[in-house]
Amino acid sequence: PLHLLCDALPETRDRAPVSPLRARVIGIGQDARGDDAAGLLVARALRAAERLPAGVEIEEHDGDGMDLLLRFEGVAEVVLIDAVVSGEREAGALIELDARAAPLPVRLFAPHSTHLLGVAEAVELARATDRLPAHLTLLGVEAQDFSFGGLPSPAVAAALPALARRCLAVLGVGPADA
């Protein structure tokens, strides 16, 4: 007779991922919402630049938290790129947060998110269920305009090349102070 056992093998969390993929960059946003397109535009610029090291994957994502949670699996490093609103910086200012070290402030995403479970909540759900990657970095740009049908504001558009350079630096390509 054949016997099937559920969860018969030990957990593999302490081992390196089997996949040759070492990092995933996820540009988050909506094209038709002004500054909210920032993450998508940076992801596209990185993909076009062809300067990524082997084993780095670039994705575009709409910010849905449950789906985003699944994108953390199978890689040791994830870099999230998104438009944020702190209310403490001028539009176009860059922000970098280590999402493993501390929870992402929900207020950075709440004013403009169209999802019940967004980026900050997805990160905390991953933390609570022991699904955070070994390295999880948020690179954000302070946004000001989320108008439907609008283009990114001039301040955000001007900051996108610096955001892309910072992402490359986080991945170990280019100067660390990019």
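Taken together, the values in this text are just the output of simple stated rules run on the coordinates, not laboratory data. All values reported here derive from a predicted model rather than from experimental measurement. Quick reminder, even Gly has a Cβ in these numbers, built from the backbone with ideal geometry, and neighbours come from all protein chains shown.
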The set of residues whose placed amide H lies less than 5 Å from the amide H of Ile58, leaving out same-chain residues fewer than 5 positions away, is Val25
Taking placed amide H atoms and a strict 5 Å upper bound, the residues 5 or more places from Val78 or on another chain that come that close are Arg24, His135, Leu136, Thr137
Note, the stretch 51-65: 3J(HN,Hα) by Karplus (6.51, -1.76, 1.60, θ = phi - 60°), whole Hz, Gly/Pro = x, goes 10, 6, x, 4, x, 10, 10, 10, 10, 10, 9, 7, x, 5, x
For Gly150, other-chain or 5+-apart residues with amide H closer than 5 Å (H placed, Pro excluded) are Gly34
Loop-resident GluC sites (Glu not before Pro) in the stretch 35-89 with no more than 16 other Cβ atoms inside 10 Å, DSSP not H/G/I/E/B, are Glu50, Glu73, Glu88
